[in-house]
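The values are calculated or read from the model by the stated rules, or taken from the named source; none is laboratory data. Treat the numbers as computed from the prediction; the structure is a model and nothing was measured. Neighbour counts are summed over all protein chains in view; Cβ atoms, including those assigned to glycine, are modelled from backbone coordinates with ideal geometry. Only protein heavy atoms, including side chains, enter the accessible area calculation; ligands, DNA and RNA are left aside. Shrake-Rupley method; radii C 1.70, N 1.55, O 1.52, S 1.80 Å.
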Amino acid sequence: MTELFDKARAVADAVLYEGYLLYPYTADSPKNQVRWQFGVLMPPSHADDSIGEYTDLRTECVLEAPEDARVHVRLRFLRIQQRSVESLDEHGQYRRVTSLPVDDRVIEEFDEAVEQEHDLLARVGDLLAGGCELAVRDDSARSTEEIRDRDGELRGRIVRELRPLRGRLRVDAERLAGPYGGLRLRVGVANTSEWRAEDADRQRALRHAFVATHLLLGLDQGALLSSMDPPEWAAAAVAECENVRCWPVLLGPGDRSAAVLAAPIILYDDPRVAPESPQQLHDATEIDEILTLRTMALTEQEKQRARQTDERARGIIDGVDNMPPEMLERLHGTLRYLRESVPERESSRDEGVPQEGSHQSSLPPDLPAPPGSPGAGISGEAAGPFPEPGTPWWDPGADAAVSPENDSVEVDGQSVSNGSKVTLLPGSGSDAQDMFLTGRVATVRAVYFDVDGGSHLAVTLDDDPGAEIQGANGRFRYFGTEEVRPLAGAAGASGKPEETAPAGEDEVRR
């Protein structure tokens, strides 16, 4: 079970450090003054349901396991460590300051974080007989670090402090009613710290809280069932499970697994960190490429200030500065594939459009066709429009019928394809920026078809001086076929003018 948890560590760490530190990664950034928003379990003295501050969380899921099976529950969270700065005065006394300039750096106060893990192992039979409980106990700690200038003179010190934490991890199980068997597993976590202070603000209370709290659940026999797509026999039981401030997802493909991650942020079953993500940017809701390029654009002074925030910020800045060009290129555009699951289709054009951008919590890699589904295990002429098993279906090399640069679509009775000229007429529901392009002339560069039967045109603006460069780098603007009008006499991919009646000048400008 430990091996399973180790494999899930990349995803679990992305949850653990979600929002830990945000761009531009400096301690004084307004975004980094309001941190720790996910999985926060406050001490009882600071809990307040009316403002969304709670002391506990609970997860429930369905499993199949014999009574002698062992359940492994790992509780993980961050513990807030206060970092204070003290200056050494002329009398040899330390006094606290908010920041201390030393040579070409400035050392500031900042709240860091320390990872905590607590494990509980129990037999399923014991969980059915009344459950098991683990007392969470993390004692206080204090450490100091001297601050010296480049000449070796002592200028001050950094003081790091951890406050004591107390909590409770409880696990129990019950048998499901009905003929199918199965068990419901319940896991609860509560912060029971006795800290109390009058008029304490949230920042002070967080130093006595569990932050980014989540759970890893594992079985050495049997399986935990999906809470998103359970087997049909277990659907009613799964619907009755109560999950409070966290949600269980399977670690692995299918509708059952030996391990589950119960996280305080929304994830799908079998979550994975995109292989294109080179490092932890602490913001899994952003796109790696955007954050990387923005970080590259920081001045050297800004980067130096970010490096002084803490070791994790230093790692981000150094990682971006030392990133090889080929790794940056991988962040620009990544294709993810879905396998066709409809028994019949008119053509391969009913399939999806590639998604652009690499993301820390992005879609998983290519998904194989499930056993028994259309296209699974089919080869030769019987395969019809489906590619060979294991080959992405949206791949021009695997499916010659799909070619965005050569495909065409009918718009207002005219065939539109690569090279066709169109007038842009974005509708009222379009993006606000697209509305400024109304009436502009564009050239179609590719035609895409999505899984819902919609058609999309990749275009470049004719009066854009950077259109050629953007096109060469795959940078296009996308419009639905209902948002364009073909220009009369505009050449398509064949280079021949389209035989259409001329449009009036008022129509072109509209």
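Pick out the one residue from Ala236, Ala259, Ala205, Ala209 that is surrounded by fewer than 18 Cβ atoms within 10 Å (Cβ to Cβ) and not polar (S, T, N, Q). Walk me through how you get there before you give the answer.
Values: Ala259 fails: surrounded by fewer than 18 Cβ atoms within 10 Å (Cβ to Cβ); Ala205 fails: surrounded by fewer than 18 Cβ atoms within 10 Å (Cβ to Cβ); Ala209 fails: surrounded by fewer than 18 Cβ atoms within 10 Å (Cβ to Cβ).
Being surrounded by fewer than 18 Cβ atoms within 10 Å (Cβ to Cβ) and not polar (S, T, N, Q) holds for just one of Ala236, Ala259, Ala205, Ala209, which is Ala236.
Restricting attention to the range 136-147, which residues are open to solvent by 60 Å² or more (accessible area, probe 1.4 Å), in a strand (DSSP E or B) and of a type in the set (S, T, N, Q)?
Narrowing the range 136-147 to residues open to solvent by 60 Å² or more (accessible area, probe 1.4 Å): 137, 139-140, 142, 144-146.
Checking the rest, the ones that are also in a strand (DSSP E or B) come to 137, 142, 144-146.
Thr144 - this is the single residue of the range 136-147 that is open to solvent by 60 Å² or more (accessible area, probe 1.4 Å), in a strand (DSSP E or B) and of a type in the set (S, T, N, Q).
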- Note on the structure: Inside the range 250-275, the number of residues satisfying the requirement of being more than 14 Å from the chain's Cα centre (by Cα) and either basic (Lys, Arg) or not in a loop (DSSP other than H, G, I, E, B) (or both) is 7
- If you go through the range 435-460, how many residues are under 10 Å from Thr423 (Cα atoms) and either open to solvent by less than 30 Å² (accessible area, probe 1.4 Å) or not in a strand (DSSP E or B) (or both)? 6
- Message: Suppose we keep only residues that are surrounded by 18 or more Cβ atoms within 10 Å (Cβ to Cβ) and either of a type in the set (D, E, K, R) or free of Cβ contacts under 8 Å to residues at least 60 places away in the same chain (or both) within the range 148-166. Which one would you say is farthest from Cys61 (Cα to Cα)?
- Response: Arg157
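Out of everything in the range 461-484 that is hydrophobic (A, V, I, L, M, F, W, C), under 30 Å from the mean Cα position of the chain (by Cα) and at pLDDT 90 or above, what residue ends up being surrounded by the fewest Cβ atoms within 10 Å (Cβ to Cβ)?
Step one: of the range 461-484, the residues hydrophobic (A, V, I, L, M, F, W, C) are 461, 467, 469, 472, 476, 479, 484.
Applying the additional criterion that residues be under 30 Å from the mean Cα position of the chain (by Cα) yields 472, 476, 479.
Going one step further and asking which of them are at pLDDT 90 or above, we end up with 476, 479.
On the way: Phe476: 19, Phe479: 23.
It comes out as Phe476.
Could you check the range 182-201 and list, in sequence order, the residues that are more than 21 Å from Arg137 (Cα to Cα) and either at pLDDT below 90 or surrounded by 11 or more Cβ atoms within 10 Å (Cβ to Cβ) (or both)?
Across the range 182-201, the qualifying residues are Gly182, Leu183, Arg184, Leu185, Arg186, Glu198, Asp199, Ala200.
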